[in-house]
Amino acid sequence: MASFVGRENELRVLAEAAAAGSEGPSAVLILGEPGSGKSRLLDEASARVAERHRLAVRGYEQERAVPLAAAAPLLRALVAAREHGPRLETLLFAAPAGAPLELVRIFEGAHRALSALQPALLTIDDLHWLDEASLALCHYLTRAAVEQDQRLTIYAAARSDAAGTQFVASLGQALPSDRIQEVHLGGLSRD
């Protein structure tokens, strides 16, 4: 990957959130227009966080109608957790054909598996393309982390639109105000 230039203030905010996440849940939402470098900043900041379990959720426009599609990488990682992972795997893959997903049981299984992987960094990229079930899972994990005082840091990136502001508002209801920050990306200066 090419060297990373600029965004020092934004990287500082993200690093501070990761430090705070070592003591309890914290989150940073990166907002910007398409092409402003949200995903690249998310990748760079994530790479700089040491000694964490790294978990990822990524939205794709084409999979927006598929329940839990965006959360698939997260769920695969949680299924591999020694404690509670096998139970989550059963909930995800052992249901009879045609049976509806039992989302609340899956969400609780994911929370329990995540509790064994602390401290953790959860990155959510292209939040504006998340399917409803994946978005609900991210909210559930955040609320559960607050209730259980888990060591979880969330970095999320979204376009500056309704999805991003709705996510901030809902996280604001779950997290104390000093545990959530917004970073608005503008253009880079020539320097």
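The values are calculated or read from the model by the stated rules, or taken from the named source; none is laboratory data. Please read all numbers here as calculations on a predicted model, not as lab measurements. Virtual Cβ from ideal backbone geometry, glycine too; neighbours counted across all protein chains shown. Calculation scope for accessible area: heavy atoms of the full protein, side chains included, ligands and nucleic acids excluded. Shrake-Rupley method; radii C 1.70, N 1.55, O 1.52, S 1.80 Å.
Here are the numbers for the structure shown:
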| item | result |
| --- | --- |
| When residues of the stretch 52-65 are limited to those that are basic (Lys, Arg) and in a loop (DSSP other than H, G, I, E, B), the one nearest to Arg105 (Cα to Cα) | Arg64 |
| Residue satisfying condition, being of a type in the set (Ser, Thr, Tyr), touching a residue at least 24 places away in the same chain (Cβ under 8 Å) and farther than 24 Å from Ala145 by Cα, within set Ser26, Ser36, Ser22 | Ser36 |
| Considering residues of the stretch 10-36 that are open to solvent by 30 Å² or more (accessible area, probe 1.4 Å) and outside any helix (DSSP H, G or I) only, the residue nearest to Ala120 (Cα to Cα) | Ser22 |
| Every residue from the stretch 43-55 that is among the hydrophobic types (A, V, I, L, M, F, W, C) and open to solvent by 40 Å² or more (accessible area, probe 1.4 Å) | Ala47, Ala50 |
| Checking Ala47 against (1) closer than 21 Å to Glu182 by Cα; (2) touching a residue at least 24 places away in the same chain (Cβ under 8 Å), the condition it does not meet | (2) |
| Positions within the stretch 66-84 being part of a loop (DSSP other than H, G, I, E, B) and under 12 Å from the mean Cα position of the chain (by Cα), in sequence order | Ala70, Ala71 |
